[in-house]
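Remarks on the structure that follows.
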Amino acid sequence: MMKKFLILFSIAFLVTYCLCDELEEDVEETEKIDTSKYYRAQVESCPGCSLNRLKDVKAFVYEDVPKYDKVTFKKINGAPPELVFFDEDDNVIERVDLKPLDREQCNYELLKRGFLLKLAARSAVNREEL
């Protein structure tokens, strides 16, 4: 049982790591942004109303956001879905309206600003320690 778990975990880690590296390379090639100013991000949205009409954005918020390091979801009744970026002093740097975006574009907004998936963020720290 333990061997199966380790094998499945290893496969999941490698797939996540490879996909994240591919996405980061695509981002680096297409658009250069100073990622050092972005410390954390937060999706602000009504938990149901507008999200129920935006299937891709809803999937991004509930399925993808928890997988990112330093990205959270804040429920605000009646608020349209927005991606808010903060600096280290918790000042708002930028806001991105998520309504016109699909799921892939929502993820792209995070990746191009340097946000990593949690497993990839841990492996990046491990690589720096070596």
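What follows draws every value from the coordinates through simple rules; no lab data is involved. Keep in mind that what you see is a predicted model, and the values were worked out from it rather than measured. All Cβ positions, glycine included, derive from the backbone under ideal geometry; neighbour counts span all protein chains shown.
Would you mind calculating the gained length between VAL84 and ASP56 on full extension (0.36 nm times residue separation, minus the Cα-Cα distance), in nm to one decimal? Provide the component values of the computation, followed by the final result.
Values: separation 28, 0.36 × 28 = 10.08 nm, distance 1.80 nm.
Additional length available on full extension: 8.3 nm.
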Mind checking the full-extension length gain between GLU104 and GLN42? Use 0.36 nm per residue of separation minus the Cα-Cα distance, one decimal, nm.
-> 20.6 nm
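Kindly put SER50, SER45, SER36 in sequence by how many other C-beta atoms sit within 10 Å of each C-beta, fewest to most.
Values: SER50 17, SER45 25, SER36 9.
Final ranking by Cβ density, sparse to dense: SER36, SER50, SER45.
Cα-Cα over 18 Å: which of LYS37/LYS99; LYS70/LYS112; LYS55/LYS118; LYS70/LYS118?
Working: LYS37/LYS99 25 Å; LYS70/LYS112 14 Å; LYS55/LYS118 24 Å; LYS70/LYS118 9 Å.
LYS37/LYS99; LYS55/LYS118, as the Cα separations exceed 18 Å there.
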